Amino acid sequence: MEFSEWEKYYSQILLDFGYERAKDEESAGVLAELSTGKNLGGVEDIKPLLVGKEVYVFGDGPSLKETVDRYTFEGTLIAANGATSALMAKGIVPSIIVTDLDGKVEDQVAANEKGAIVIILAHGDNIPALNEWVPKFTGRILATSQSAPVKHLLNFGGFTDGDRGVFLADHFGAKRIILVGFDFGSDRGQPQPEDYEDEIDLSDRGKVKMRKLTWANVLIAMLDNPAISFFR
């Protein structure tokens with residue numbers, strides 16, 4: 001998805017969460033500066049991994065660890081942020097990591113050293129994380145923004161790390177996009193964030209997370225791509 005199409009959803013997200021576009025744009029500028037001179041990749045690096053391929057996108061849901069323990073996955077593996085840790089614990093290096101540098105980022109750095117391409121997102125809340133972690137990546141990275149892309153930054157659409165992984169695979173025409181660890185609800189085809197109430201707290205932070213899950217659900221459904229399915 002190009003930013004011109006993504007922007008209408010992005011504008012709604014800004015309104016819903018009260019985020020400031022200016023902060024996202026500031027963060028994009030920070031990432032552009034930090035990533036200059038790094039082992040910076042582009043579309044040509046990820047396109048061969050996705051076009052016409054079977055792609056597994058790993059979310060960091062409660063079922064992820066058990067699923068990774070029980071099954072073997074062959075194809076292009078996209079890890080959404082914290083899902084990287086579960087894969088690396090099993091000796092699995094993802095092909096691509098989509099991250100806003102939250103969670104156990106040292107596992108993402110280690111995976112990057114072993115060949116994983118890390119797609120780093122800039123948004124208004126992660127400027128300190130960008131400053132801390134971007135200099136530590138030594139392998140190939142791509143820089144992306146939540147707001148309009150600037151300089152060498154890219155934007156393929158999506159909001160949370162999980163649905164951005166799905167948007168990425170959709171953008172490049174993956175043959176199959178299989179979602180693993182996307183535990184929105186008991187019926188994998190109809191994710192329901194309220195089913196997470198036993199998994200997360202209902203503090204203000206917990207409620208924000210539930211709203212993010214709702215948005216992830218809506219955005220994935222909005223793609224209306226028959227290639228997308230939930231791992232069963």
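Some notes on this structure:
- Among the residues of region 66-107, the one identified as of a type in the set (D, E, K, R) and touching a Leu at 6+ places or on another chain (Cβ under 6 Å) is Asp100.
Here is a yes/no grid of residues against (1) touching a strand residue (DSSP E or B) at 6+ places or on another chain (Cβ under 8 Å); (2) under 19 Å from Gly162 (Cβ atoms); (3) in a helix (DSSP H, G or I):
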residue	(1), (2), (3)
Pro48	no, no, yes
Gly61	no, yes, no
Thr72	no, no, no
Thr84	yes, yes, yes
Ala111	yes, yes, yes
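- Test for Glu33: is it under 25 Å from Asn126 (Cα atoms), without any contact (Cβ under 8 Å) to a residue 12 or more places away in the chain and of a type in the set (Asp, Glu): yes
- Restricting attention to region 86-108, the residues that are among the aliphatic types (A, V, I, L, M), under 21 Å from Asn126 (Cβ atoms) and free of Cβ contacts under 8 Å to residues at least 60 places away in the same chain total 3.
- Extreme residue, farthest from Phe73 (Cα to Cα), among residues of region 36-46 that are in contact (Cβ under 8 Å) with a residue 40 or more places away in the chain and part of a loop (DSSP other than H, G, I, E, B): Thr36
- Qualifying residue in region 146-155 (condition: in contact with a His (Cβ under 7 Å, 6 or more places away or on another chain) and either basic (Lys, Arg) or at pLDDT 90 or above (or both)): yes
Yes or no, residue by residue, for (1) at positive phi; (2) of a type in the set (A, V, I, L, M, F, W, C); (3) surrounded by 13 or more Cβ atoms within 10 Å (Cβ to Cβ):
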{"position": "Glu5", "(1), (2), (3)": "no, no, no"}
{"position": "Tyr10", "(1), (2), (3)": "no, no, yes"}
{"position": "Glu44", "(1), (2), (3)": "no, no, no"}
{"position": "Tyr56", "(1), (2), (3)": "no, no, yes"}
{"position": "Asp60", "(1), (2), (3)": "no, no, yes"}
{"position": "Lys65", "(1), (2), (3)": "no, no, yes"}
{"position": "Ala86", "(1), (2), (3)": "no, yes, yes"}
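- Number of the condition not met by Leu50 [criteria: (1) closer than 16 Å to Thr144 by Cβ; (2) more than 16 Å from the chain's Cα centre (by Cα); (3) surrounded by 13 or more Cβ atoms within 10 Å (Cβ to Cβ)]: (2)
- In region 134-166, the residues that are buried (at least 23 other Cβ atoms within 10 Å of the Cβ), part of a helix (DSSP H, G or I) and of a type in the set (A, V, I, L, M, F, W, C): Val166
- Residues of region 55-73 that turn out to be under 15 Å from the mean Cα position of the chain (by Cα) and within 25 Å of Gly173 (Cβ to Cβ), as a count: 5
- Meets criteria (part of a loop (DSSP other than H, G, I, E, B) and at pLDDT 95 or above) for Leu77: no
The values are calculated or read from the model by the stated rules, or taken from the named source; none is laboratory data. Given the structure is predicted, the values throughout are model-derived calculations rather than measurements. Positions of Cβ are backbone-derived with ideal geometry, glycine not excepted, and every protein chain shown enters the neighbour counts.
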